[in-house]
Amino acid sequence: MSIYMSKYFKPLLIFSIAVLFLHCCKSSPPKPLTLEQLEGLCSDDKDLCWDKALEGECFGNSLKAQVLMRKCKCSCDAALHTRIQNCCRVVGRPEMKFCLPLCGYNTTVNELGSGLGLKCVSQLTTWAYCAADASDNTECCKSKGVSGECLSFCKGDVPTCDLQSIFSYQPCLMNMASIIACQTEHLHATPRYDPDWQAPCDWE
């Protein structure tokens, strides 16, 4: 190999390896929710429920969506869970995949306070971002009486870079039901989150 080629080959090789590494280690979304999955998870639901859930008609606060959420609760819950899980898989850090069980609209306070919850406390920013799905639901939260210090959750902008800031949000747990209601009511039929989004700060 000539000196000229050697001069440019090494940086190119390093760059190629870096790109390959990032491609391999980047979290990828799971396969979309399928009819077969819904049939297995929600066998008591009618065929109509499965079809509407797959078409994204459970999302939003339209009268149709509200009716579907009541009559097809299992299928709609599965669609909601798949939506937020997809986001967490895509934008979350690969090394924190073990925290995925806590990424959901139905995660309980007890689960957040569990051993896994304490290990995953750094993922609160990602969960909040994915729950909002790039929508600002501040006005909805205000109408439901969510306190001012908790409104950042309503637009998915919760920069938590240390334990002190995490603990400062503890009072917001009392508002979480209202926050989640606003987030799910304003979801669109297709995801709106940015797949290139990154948490605003890294934890050591």
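The values are calculated or read from the model by the stated rules, or taken from the named source; none is laboratory data. Bear in mind that the values here come from a model prediction, so they are computed numbers and not experimental data. Note: ideal-geometry Cβ built from the backbone for every residue, glycine included; neighbour counts use all protein chains shown.
What helices (runs of 4 or more DSSP H) completely inside segment 81-197 contain at least 2 residues that are out of contact with any helix residue (DSSP H, G or I) (no Cβ under 6 Å at 6 or more places or on another chain) and either surrounded by 16 or more Cβ atoms within 10 Å (Cβ to Cβ) or at pLDDT below 95 (or both)? Working first, answer last.
Details: elements: 109-112, 115-119, 124-132, 138-143, 163-168, 176-185.
Per the criteria, 109-112, 115-119, 124-132, 163-168, 176-185.
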| query | Within the set of pairs 6+ apart or on separate chains, which have a first residue in segment 178-193 that is over 13 Å from Phe153 (Cβ atoms), a second that is among the polar types (S, T, N, Q) and buried (at least 17 other Cβ atoms within 10 Å of the Cβ), and C-beta atoms under 6 Å apart? | reply | His186/Ser135; His186/Asn137
